[in-house]
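Just so it is clear, none of the values below were taken in a lab; they were calculated from the coordinates. If you're wondering where the values come from, they're calculated on a predicted model, not measured in any experiment. Every residue, glycine among them, receives a Cβ derived from its backbone with ideal geometry; neighbour counts consider all protein chains shown.
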Amino acid sequence: RTRADLRPDLLPEAKQVVRIVQELLARPNPPSVGVACFNLVQRDAIVEALDAAAAADPEFAARYAAARTRQGAASFEGLFVKNLENVQGDERDHMIISTTYGPDAKGRFYRRFGPLAQAGGGRRLNVLVTRARSEVHLVTSIPRDVYTSLPPVEPGKSPNGAWLLFSYLKYAEDLDRLYAEERERYESAE
């Protein structure tokens, strides 16, 4: 049995990551791609989902194999899937971040954030969200009401990694909305 079989709650994010990777690699000039998640179980679920997609589609398999061995001008630029602790200086054109955390099978959302809750979790998150040269793709199962109802940080206290993650998700959602509004204004002006 695979880890994904043991944790079916991980599959929706893993499948969404696969869809994004397929779309990026189908471009005429595919970008370099990195995938980061917040634990080893999710990393394995994503790798298994990518491998299954490659086994089912020979065209994707060829693009995926080429992406995994891609060389840049002066460095290795291959597609990777890593957990939070292992993404250090790995920059790619596009980074896909799978937050991993979400409701369990009964719909309960527990705030267990593994490495984010540990000392230095905020720094790890900062490293992660700054690895994309062009675009970040966020895939999350965290309920929207959890990250949009963020309380302010108490004066004199530093935010923890979970607070920073929620803040980043809210920022990304706000930014996406602003870009969509700008696109709409631009398209209606034409």
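A few comments on the model shown:
- Seen from every direction in turn and averaged, the convex hull around the alpha carbons of region 126-178 projects onto 4.5 nm².
- The eigenvalues of the Cα gyration tensor, multiplied by 5 and square-rooted, give the chain an equivalent ellipsoid with semi-axes of 27, 22, 18 Å from largest to smallest.
- 22 Å Cα-Cα reach of K82 towards lysines, excluding residues that sit fewer than 8 places from it in its own chain: K15
- Using just its DSSP H runs of length 4 or more, each adding -39500 (n - 2.57), the chain gives a mean residue ellipticity at 222 nm of -15500 deg cm²/dmol after division by all residues.
- Fraction of antiparallel bridges per DSSP, the chain only, in percent to nearest 5: 5
- Distant-in-sequence amide contacts of V35, defined by a placed amide H-H separation under 5 Å and a gap of 5 or more residues or a different chain, comprise F80, V81, K82, I96.
- Label-to-label distance for A56 and L175 is 3.1 nm, based on points extended 7 Å past Cα in the beta-carbon direction.
- Highest to lowest packing among 94-102, 128-136, 72-80, scored as the average C-beta count within 10 Å: 94-102, 128-136, 72-80
- The 3J(HN,Hα) values that the Karplus relation (6.51, -1.76, 1.60; θ = phi - 60°) gives for region 159-167 are, in residue order, x, 8, x, 5, 4, 5, 4, 4, 4 Hz. Gly and Pro appear as x.
- Ordering 37-48, 22-33 by mean Cβ neighbour count within 10 Å, with the highest value first, yields 37-48, 22-33.
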